[in-house]
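Enquirer: Once you've had a glance at the structure underneath, I'll fire off some questions.
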């Protein structure tokens, strides 16, 4: 086989493995959501389909496909059909640049375990990920229902507000690692002592809070907010179109978790084993992401929902100033690192 | 291949641009603008400017257009029809004519400037990754820092002005209510 052909084949295999894995994880997360909520509320959750209800996502999928997909009379037909794709597409596209594992050697072929390593990977995730808000807005608008419209409005305000804090938080990490390439950032955190969480804990907290708002998850799920808006922007959606919105949300959760793991928790590096085999690397990444996904679910079934004005106040008056100051301090420390070091040495020497 | 793609994308960008002006519903206008921005971003990618392409989508598509949508959705849905009707007689109004003259003038000036290469292009190598990024950053915050800061102050002034105007109007209403 010629090298070019081999490259294409490897690439196609990687795309399928990573993309299908991602959708699979998103499907399993829907089951996990129900199981975790049941566990927290002393219930059983789904138990009928398959052993322990493990095949529930499959049954849900079949149900979604066979249900009638309604389009309301007053809706803007084309936009109504287009919106679910707009919501799910960007979330799935962002998977492309996430480094799920180190270089993988299989059947004598060595290749990095990510679809593509972009030099501006983080920019790509932020840019494309930011587009998923259009699905919510267009869906809410095209439904021609007041609840959907209000949900879409809230989503647009919320996502734009929290995107700023999120970008600033990520920029702090980019500043200390000097790269927008996720794999490069991961490679700089080979041992436990090099994990960015030790150097940028504030940025991580800001990112975490913003991630909840960006993915429309509890306690910031104002775009759906059942007590006020029926179910918000997807009130009028049913069957597969509704499923696409849910799929987009869960994919976005997986991507956000992966970004957090790659930026702050060493990505695919295995603690205490810097030269670990690639299988362990991938397992480590999956384990870390699983922790984050569980955290998403845990928060959802623990905290009450905010009020919308509280959300806006938090975003603009608390998160954004902290993120700005934090980025400024990070930049200052990086710029004056040599002077600070000599100052510190002088202090230590003077004291002794 | 790249050349064909360039022409296809340019044509698509222009078509989307026409859609922005001709669409009856403001929502469709904004979505056409989104399509146009996307075509532009891919053209940047073709030219090797990865960062510029990502920034284009991040800033314009991800933030500014969302604000446009926000404003459009804040308008009453019932008024959508009225706006659409008015846009039919769009070319008749005086302000539209003035705007068209200005737009054509700007286009002519832009074409002339481009054809004579009268402007000094920013010397950033179309590098990929952080090298190109660093080059852009050094130019932006070094040689062109004054222009960059001036632009940000201009934007800030605009925001303050808009808030001041809106506040004054509201205070006027309140006073009227009391009197």
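The values are calculated or read from the model by the stated rules, or taken from the named source; none is laboratory data. All values derive from a computational prediction rather than experimental measurement. Cβ atoms come from the backbone with ideal geometry, glycine included; neighbour counts cover every protein chain shown.
Enquirer: Determine whether residue A:279 is farther than 23 Å from residue A:130 by Cα and part of a helix (DSSP H, G or I).
Expert: It is true that residue A:279 is farther than 23 Å from residue A:130 by Cα and part of a helix (DSSP H, G or I).
Enquirer: Considering only residues that are part of a helix (DSSP H, G or I) and without any contact (Cβ under 8 Å) to a residue 24 or more places away in the chain, which ones fall in the range A:315-339?
Expert: Matches in the range A:315-339: A:317, A:318, A:321, A:325, A:328, A:329, A:332, A:333, A:335, A:337, A:338, A:339.
Enquirer: Within the group B:77, B:52, B:91, which residue is within 11 Å of another protein chain (Cβ to nearest Cβ), modelled with pLDDT under 85 and surrounded by fewer than 17 Cβ atoms within 10 Å (Cβ to Cβ)?
Expert: Sole residue among the options that is within 11 Å of another protein chain (Cβ to nearest Cβ), modelled with pLDDT under 85 and surrounded by fewer than 17 Cβ atoms within 10 Å (Cβ to Cβ): B:77.
Enquirer: Here's something else I'd like to know. With A:179, A:161, A:165, A:156 as the choices, which residue is surrounded by fewer than 23 Cβ atoms within 10 Å (Cβ to Cβ), within 21 Å of residue A:310 (Cα to Cα) and either in contact with a helix residue (DSSP H, G or I) (Cβ under 6 Å, 6 or more places away or on another chain) or within 12 Å of chain B (Cβ to nearest Cβ) (or both)?
Expert: Among A:179, A:161, A:165, A:156, only A:161 is surrounded by fewer than 23 Cβ atoms within 10 Å (Cβ to Cβ), within 21 Å of residue A:310 (Cα to Cα) and either in contact with a helix residue (DSSP H, G or I) (Cβ under 6 Å, 6 or more places away or on another chain) or within 12 Å of chain B (Cβ to nearest Cβ) (or both).
Enquirer: Kindly indicate which of A:323, A:284, A:332, A:337 is closer than 29 Å to residue A:191 by Cα and in contact with a strand residue (DSSP E or B) (Cβ under 6 Å, 6 or more places away or on another chain).
Expert: Exactly one residue qualifies, and that residue is A:284.
Enquirer: Here's a follow-up. Evaluate the following for residue B:42: is it at the interface with chain A (Cβ under 9 Å from one of its Cβ atoms) and surrounded by fewer than 21 Cβ atoms within 10 Å (Cβ to Cβ)?
Expert: Here the answer is no, as residue B:42 does not meet what is asked.
Results for (1) in contact (Cβ under 8 Å) with a residue 60 or more places away in the chain; (2) out of contact with any strand residue (DSSP E or B) (no Cβ under 6 Å at 6 or more places or on another chain); (3) part of a helix (DSSP H, G or I), shown as yes or no for each residue.
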| site | (1), (2), (3) |
| --- | --- |
| A:193 | no, yes, yes |
| A:197 | yes, yes, yes |
| A:203 | yes, yes, yes |
| A:206 | yes, yes, yes |
| A:211 | no, yes, yes |
| A:216 | yes, yes, no |
| A:222 | yes, yes, no |
| A:233 | yes, yes, yes |
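Enquirer: Checking the condition in a helix (DSSP H, G or I) and within 13 Å of the chain's Cα centre (by Cα), which residue from B:16, B:68 passes?
Expert: B:68
Enquirer: Could you go through the range A:248-260 and let me know if any residue there is surrounded by 15 or more Cβ atoms within 10 Å (Cβ to Cβ) and touching a strand residue (DSSP E or B) at 6+ places or on another chain (Cβ under 6 Å).
Expert: The answer is no; no qualifying residue exists.
Enquirer: Ok, one more. Out of (1) within 11 Å of chain B (Cβ to nearest Cβ); (2) surrounded by fewer than 24 Cβ atoms within 10 Å (Cβ to Cβ), what's the single condition that is false for residue A:105?
Expert: Exception for residue A:105: condition (1).
Enquirer: State all residues of the range A:140-150 that are buried (at least 23 other Cβ atoms within 10 Å of the Cβ) and at the interface with another protein chain (Cβ under 10 Å from one of its Cβ atoms); if no residue qualifies, say none.
Expert: Answer for the range A:140-150, where residues must be buried (at least 23 other Cβ atoms within 10 Å of the Cβ) and at the interface with another protein chain (Cβ under 10 Å from one of its Cβ atoms): A:140, A:141, A:142.
Enquirer: Further, regarding this structure: What are the residues in the range A:170-183 that are without any contact (Cβ under 8 Å) to a residue 24 or more places away in the chain and assigned to a helix (DSSP H, G or I), if any?
Expert: Listed by number, the list holds a single entry, A:177.
Enquirer: Those residues that are more than 14 Å from chain B (Cβ to nearest Cβ) and at negative phi, I need them from the range A:108-133; list them, please.
Expert: Residues satisfying the conditions are A:109, A:110, A:111, A:112, A:113, A:114, A:115.
Enquirer: Any residue that is closer than 26 Å to residue A:168 by Cα and touching a residue at least 40 places away in the same chain (Cβ under 8 Å) - is there at least one of those in the range B:26-43?
Expert: Scanning the range B:26-43, I find no residue that is closer than 26 Å to residue A:168 by Cα and touching a residue at least 40 places away in the same chain (Cβ under 8 Å), so the answer is no.
Enquirer: Just the residues that are in a loop (DSSP other than H, G, I, E, B), farther than 24 Å from residue A:252 by Cβ and in contact (Cβ under 8 Å) with a residue 12 or more places away in the chain, please, taken from the range A:24-53.
Expert: Within the range A:24-53, just A:41 meets the criteria.
Enquirer: With in a loop (DSSP other than H, G, I, E, B), crowded, with 16+ Cβ neighbours inside 10 Å and under 23 Å from the mean Cα position of the chain (by Cα) as the only criterion, which of A:125, A:137, A:115 stands out?
Expert: A:115
Enquirer: Would you check which residues across the range B:11-27 are touching a helix residue (DSSP H, G or I) at 6+ places or on another chain (Cβ under 7 Å) and either more than 20 Å from residue B:54 (Cβ to Cβ) or within 13 Å of chain A (Cβ to nearest Cβ) (or both) and list them?
Expert: If the condition is that a residue be touching a helix residue (DSSP H, G or I) at 6+ places or on another chain (Cβ under 7 Å) and either more than 20 Å from residue B:54 (Cβ to Cβ) or within 13 Å of chain A (Cβ to nearest Cβ) (or both), then B:17, B:19, B:20, B:23, B:24, B:25, B:26, B:27 are the ones that fit.
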